[in-house]
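The values are calculated or read from the model by the stated rules, or taken from the named source; none is laboratory data. In this text, all values refer to a predicted model and were calculated from it rather than measured experimentally. Don't worry about glycine lacking a Cβ; one is built from the backbone with ideal geometry, like all the others, and counts go over all protein chains shown. Heads up: the accessible areas ignore ligands, DNA and RNA and are worked out on the full protein's heavy atoms, side chains in. Shrake-Rupley method; radii C 1.70, N 1.55, O 1.52, S 1.80 Å.
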Amino acid sequence: MKSQAYRMAMLYDFYGDLLTARQKEFFDLYYNDDLSLAEIAENYDITRQGVRDIIVRAERTLEDIEEKTGLIQRHHRTRASARNLLDLCEKVELLNKTKLESKELSRLCEQLRDGIDELGRD
């Protein structure tokens, strides 16, 4: 269940603005504020099933958008690649410090690290 909640949170973070106002509101109350379907229904004077339908429709919409765009998958791949590049950069810097002592290589590693850090800010 936690992985489902995490996935829904990611989907909402990426695509939540594409939902209707009501879908966003109910989705937020259910997933972020941890209100039950019954609590939301009582607060909005609709049926529990009505709340569930709206949330399920929102989930389906978010899943469909991710299926079509793949932005979250691309985001995870980019973060993993950036981590790998930082690890490689550290190895090159260590090799440079212990054997090569090249100022140019140090400067290039610093530029590479800055570029990788810039990717991580998105």
Worksheet item: Can you find a residue in the range 55-65 that is among the polar types (S, T, N, Q), farther than 30 Å from Glu118 by Cβ and touching a residue at least 40 places away in the same chain (Cβ under 8 Å)?
Response: yes
Response to the item:
Picking from Glu25, Glu66, the residue that is under 29 Å from Arg121 (Cα atoms) and touching a Leu at 6+ places or on another chain (Cβ under 7 Å) would be Glu66
Discussion item. Between a residue in the range 101-120 that is in contact (Cβ under 8 Å) with a residue 40 or more places away in the chain and within 29 Å of Arg74 (Cα to Cα) and any residue that is in a helix (DSSP H, G or I) and open to solvent by less than 80 Å² (accessible area, probe 1.4 Å), which pairs come within a Cβ distance under 8 Å, given they are 6 or more apart or on different chains?
Written reply: Leu119/Thr78; Leu119/Ala82; Gly120/Ala82
Discussion item. On the basis of being surrounded by 12 or more Cβ atoms within 10 Å (Cβ to Cβ), of a type in the set (Asp, Glu), assigned to a helix (DSSP H, G or I) and modelled with pLDDT of 90 or more, does Glu67 make the cut?
Written reply: no
Discussion item. Where the second residue is surrounded by 14 or more Cβ atoms within 10 Å (Cβ to Cβ) and hydrophobic (A, V, I, L, M, F, W, C) and the first is touching a residue at least 24 places away in the same chain (Cβ under 8 Å) and closer than 16 Å to Lys24 by Cβ and lies in the range 40-52, which pairs have Cβ atoms under 7 Å and are six or more apart or on separate chains?
Written reply: Val51/Phe26; Val51/Leu37; Val51/Ile40; Val51/Ala41
